[in-house]
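Engineer: To start, I am sharing the structure in question, which I have written as structure tokens.
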Amino acid sequence: MLQDRLIRYKDLMPCKAAFIDAKTPGSDLKDNFSIIGGGVSESAHQKVNLSLNHGYCIGAAGQPPKIKNSPHSHFTAEVFMVYSGRWKFYWNNDCQSEAILEPGDIISLPTNMFRGFENIGDEYGMIFSILGHDDAGGGVVWLPRVIDEAKGHGLVLLENGKLVDTTIGEKIPEGLKPMPPLTESQLDGFDQYSPDQMSAYVGKQGTYVPSSYKGFPNETPEKLTYYDIIGPQDSVDHNFQVKPGDSNGDQFNVYGIQSAGAGSTGKYSREETEVMLVHRGEFEVTCEHDGEEINEILKDGDIVSFPSGSVRSVNPKGGGFAYLVVGGDYPKRPTVD
């Protein structure tokens, strides 16, 4: 049902023990959210708002001040959009290089590189994430010290990538062993990036150049502005402003839509899946698909997933900014009704 594809910020469902570091002091108060697709959560207790395959997964991390997400690496793209709070992202095997991001900023983290992040603000903060592919590569790789620090706190990561929470009585299944830490030789195989190199992967809201692409649906160009944020660098039609973190293809593109007042995209459709995530503002959305129709107002943090081929429109009610995540490496031109 279309209504199931509308996800309100207030309805996001956290998991308190999604990863091996979830009970380690300094990382023990974080929340992990799987919003669209299961992502890479290691816990069998992770709740998912919408399980339908999109070709990518959308999740979130919520953390109180000074709480860290421990250094790890992914097999597919990992993008973060800062919703609230002030965040430090750090990377490389030594975790000594860093960048500070604030609400509206975005970072596309390369594969085969260790990264972590910390809420360095004064209040609970939230960052939305996009992971490439439906299974997001199948798991997470941790720095050896993360596995070592987790010892004695009740969580055991198995060699199949799943967690056992001994604090709630779970036991290691017969025939399975704990995940062995990476060797020095394996660690040497991970990429290292300087802060200058990583700057190409970071975007700051307020610095984006409006898209020159003429194919976006837009009945009120004086009110609505589109931005090409993350996508393939060899795109002919779009000038993407943040380098994608996965050189093999992220399986998604990120655009921005900014409103200076009430306006409308008009009705349009896409062959690909399209997810709209409201950063700030109010947007009225309509969607028609297979005899169903919804008409809803989306506010800060709300998300809607438009089915492939559905007819939709986006109508801001005032000033605001939203992200549009579109599936595929080279999405086709939308069809305007």
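Engineer: Specify which labelled value, from [x] 1.21; [y] 1.10; [z] 0.99, agrees with Cα Rg over 2.2 N^0.38 Å derived from the coordinates of the model shown.
Structural biologist: [z]
Engineer: Something else now. The range 175-257: which trypsin sites (Lys or Arg not before Pro) are DSSP loop and have at most 11 other beta-carbon atoms within 10 angstrom?
Structural biologist: Here the sparse-neighbourhood loop sites are Lys214.
Engineer: When a/c reaches 1.5 or more, the comparison of a/b and b/c decides; with that in mind, is the range 251-337 rounded, prolate or oblate per its Cα gyration tensor?
Structural biologist: Oblate, because a/c is 1.5 or more while a/b does not exceed b/c.
Engineer: Tell me the Kirkwood radius of the range 132-280: reciprocal of the mean inverse pair distance over distinct alpha-carbon atoms, in Å.
Structural biologist: That comes to 19.7 Å for the range 132-280.
Engineer: A follow-up question, please. Which lysines, on any chain, are close to Lys171 with Cα under 28 Å apart, when same-chain ones fewer than 8 places away are left out?
Structural biologist: Correct list for Lys171: Lys16, Lys23, Lys30, Lys47, Lys68, Lys151, Lys162.
Engineer: Can you give me the C-alpha center-to-center distance between the range 53-78 and the range 188-220, rounded to a whole angstrom?
Structural biologist: 19 Å
Engineer: Below 10 angstrom from the Cβ of Pro65, what's the summed charge of the other residues (Lys, Arg +1; Asp, Glu -1)?
Structural biologist: Values: positive: Lys66, Arg86; negative: Glu118, Asp122, Glu123.
Charge balance near Pro65 sits at -1.
Engineer: If you don't mind, there's one more thing I want to ask. I need to check one value: relative contact order of the chain, counting alpha carbon pairs closer than 8 Å and at least 6 residues apart, in percent. Walk me through the intermediate numbers first.
Structural biologist: Values: 909 pairs, mean separation 56.0, N = 337.
Averaging sequence separation for qualifying contacts and normalising by length gives 17 percent for the chain.
Engineer: What do you get for trypsin sites (Lys or Arg not before Pro) in the range 1-82 restricted to DSSP loop and a cutoff of at most 16 other Cβ within 10 Å of the site's Cβ?
Structural biologist: Sites meeting the loop and neighbour criteria: Arg8, Lys16, Lys47, Lys66.
Engineer: Among the trypsin sites (Lys or Arg not before Pro) in the range 115-195, which ones are in a DSSP loop with at most 14 other Cβ atoms within 10 Å of the Cβ? Mind listing them?
Structural biologist: For trypsin sites (Lys or Arg not before Pro) across the range 115-195 that sit outside H, G, I, E and B with at most 14 neighbouring Cβ atoms in 10 Å, the list reads Lys151, Lys171.
Engineer: Could you let me know the centre-to-centre spacing of the range 258-282 and the range 296-337, using Cα atoms, in angstrom?
Structural biologist: A separation of 4 Å, based on Cα centres.
Engineer: Same structure again: Taking every pair of distinct Cα atoms and averaging 1/r, then inverting, what Kirkwood hydrodynamic radius in Å comes out for the range 235-283?
Structural biologist: The answer is 13.8 Å.
Engineer: What is the percent carbon and sulfur in the accessible area of the chain, measuring with a 1.4 Å probe over the protein chains and ignoring ligands?
Structural biologist: 48 percent
Engineer: How much accessible area per residue does the chain have, in Å², with a 1.4 Å probe? Walk me through the intermediate numbers first.
Structural biologist: Values: 14270 Å² over 337 residues.
So the chain comes to 42 Å² accessible per residue, rounded to a whole number.
The values are calculated or read from the model by the stated rules, or taken from the named source; none is laboratory data. Keep in mind that what you see is a predicted model, and the values were worked out from it rather than measured. With ideal geometry, Cβ positions are generated from the backbone for all residues, glycine too; neighbour counts draw on all protein chains shown. Keep in mind that these areas ignore ligands, DNA and RNA; they rest on the heavy atoms of the full protein, side chains included. Shrake-Rupley method; radii C 1.70, N 1.55, O 1.52, S 1.80 Å.
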